[in-house]
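What follows is a set of notes on a single structure, which appears directly below.
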Amino acid sequence: MPDNGVPHVEVAGYALGKLDEDETVSFEEHLAECAECRRELEELRGLPELLGRAAPPVRVPNELRARTLAAVRQAAEDATVDGELPEQPTSWPELVPAPAEEAPAATGQRRPGPVSARLIALSRRPFLAAAVAAALVVLLAIPASMFLNRPATTELALVSPTGGPASGTVRVTQTDGGREFDVRIQGLKPPGQGKLYELWAVGAADTPDKPQRVSLGTFNVPASGKVRLHAFTAASASVFARVGVTEEPQNGNPAKEGPAVLRPGN
Amino acid sequence: MSDDVHDEDATLLARVAAGDLGTPLEELYDRYAGRLYGLGVRLLGDTGLAEELVQETFVRLWRTAGRYDPERGSVSSFAFAIARRIAVDLWRRPSSRPFAEAVEDERVAGEHAGDSVDRILVGLSVREALDSLPDGQREVLELLHLHDLTQVQVAERLGVPLGTVKTRAFYGVRALKQALEEREVHA
């Protein structure tokens with residue numbers, strides 16, 4: 001125990017090289033007789049070097065916690081809908097040393113095994129119990145071949161943020177290459193002079209100051225107000241889950257500058 | 001000490017694999033998000049990408065949780081292996097750095113990137129371990145070592161008796177060593 005009468009406490013200063021000459025002499029005399037301090041000193045040997053490697057302080061944004069937890073829970077929910085499951089226990093040696101060719105998780109890990117095997121796997125997971133009942137109903141109604149090979153497709157709605165007539169639908173298909181978007185838009189005026197429309201995959205964290213979005217391409221709209229587009233991206237489906245359209249100046253700046261003309265509906 | 005942390009981590013991840021996305025997931029976030037975020041900032045040079053790295057690492061950690069085998073390594077090495085691969089993907093995604101200057105690919109995706117990731121992680125772990133200490137102890141260690149003051153100077157600077165500085169340093173180095181071991185850094 002440290003005690004001003006006994007110099008055990010000096011072991012820290014000694015390990016860090018912070019004792020003056022007198023203190024050093026006196027502590028080294030103590031060290032010769034104190035096995036406990038010798039052991040302690042041995043354990044602290046690498047500490048000064050490690051302290052010197054301390055990174056500058058990093059502040060993790062507070063809101064990242066809620067967003068990350070939500071992203072995982074959303075992925076789990078999507079997996080329930082898609083019949084996709086987290087991987088079952090196998091081994092993981094291939095995960096560590098393998099190079100970076102890992103396929104996007106959602107598609108690379110889909111295993112279209114026998115329906116019965118999937119259901120058994122599902123039923124092992126309590127949080128999926130309700131989904132099992134729903135899945136059974138779906139299974140009874142759909143030929144098994146469709147279920148097994150169908151790509152995961154979801155449909156999103158686009159609406160005008162100002163309550164205007166513009167609207168659209170986006171069919172999103174998960175493929176081995178990422179996500180493919182089949183977009184149909186109607187009721188949208190042609191873009192203004194020197195402007196174009198830009199389709200985005202948008203993350204939940206997107207703000208005007210800190211964009212979290214990936215462009216899916218730019219497009220025009222004819223006088224009919226109707227257009228059909230195809231786009232694709234490998235950007236993470238769990239992070240960039242939403243789709244939107246903005247009107248952008250044709251100035252070569254790839255960042256979002258203009259107002260939203262279509263945003264996700266319900 | 002660190003064995004306890006390994007066991008706890010493994011239990012938490014097993015519960016996540018079993019579908020418990022409440023407390024176990026939150027606990028893992030609290031244990032790893034700081035270092036993952038720091039790694040992202042250091043590797044990718046962008047806080048937005050670092051945030052994406054954290055989110056995607058946890059999503060993939062959940063997805064692959066069933067593959068984790070505690071016999072083969074710690075949750076920490078499992079999680080950072082995932083993070084490193086996501087960092088490579090993020091780095092190579094052209095849309096994530098439209099105006100970025102050509103920076104050495106080496107740091108993120110190169111042959112020696114594993115070493116540099118390890119080095120960065122040690123620095124981040126030391127920082128996090130220091131930050132986990134009681135303020136008084138952290139302050140003394142930082143002033144002593146990082147600011148290179150003597151114990152007497154630290155006592156003057158803080159306006160506390162020299163004995164207090166020595167006691168805080170004594171308990172501080174012990175606590176720091178334990179906090180480092182919990183983060184798989186060994187002195």
Taking Rh as the Kirkwood radius computed over alpha-carbon pairs of the range B:132-187 and applying Stokes-Einstein at 10 °C with viscosity 1.306 mPa s, one gets a diffusion coefficient in µm² s⁻¹ of 140 µm²/s
Chain B: most fluctuating residue of B:ALA33, B:ALA18, B:ALA65 per GNM, C-alpha cutoff 10 Å: B:ALA18
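Using a 10 Å cut-off around each Cβ of peptide A:9-17, what is the average number of partner chain Cβ atoms that fall inside? Walk me through the intermediate numbers first.
Values: counts 8, 4, 5, 16, 8, 0, 4, 7, 3.
Across the residues of A:9-17, the mean count of other-chain Cβ atoms within 10 Å is 6.
Which percent of the Cα-Cα distances in chain B go past 21 Å? Walk me through the numbers before you get to the answer.
On the way: 10015 of 17391 pairs.
Above the 21 Å cut-off, chain B has 58 percent of its Cα pairs.
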Are there DSSP H segments in chain B that both extend 18 Å or more along their axis (alpha-carbon positions) and score a mean Kyte-Doolittle hydropathy of at least 0.5? List them, or say none. B:75-92
State whether the range A:7-52 is rounded, prolate or oblate according to the following rule on the C-alpha gyration tensor (a ≥ b ≥ c being the square roots of its eigenvalues): a/c under 1.5 gives rounded; otherwise a/b larger than b/c gives prolate, and the remaining case gives oblate. oblate
Need one number: convex hull volume per residue for the range A:152-264, Cα atoms only, in Å³. 96 Å³
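With 10 angstrom as the radius, rank B:TRP91, B:TRP62 by how many other C-beta atoms surround their C-beta, starting from the fewest.
Working: B:TRP91 23, B:TRP62 26.
By the 10 Å Cβ count, ascending, the order reads B:TRP91, B:TRP62.
Every read-out reported here was derived from the displayed coordinates using simple, explicitly stated rules and does not represent laboratory data. Because the structure is predicted, anything quoted here is derived from the model rather than measured. Every residue, glycine as well, gets a Cβ built from its backbone with ideal geometry; the counts of neighbours run over all protein chains shown.
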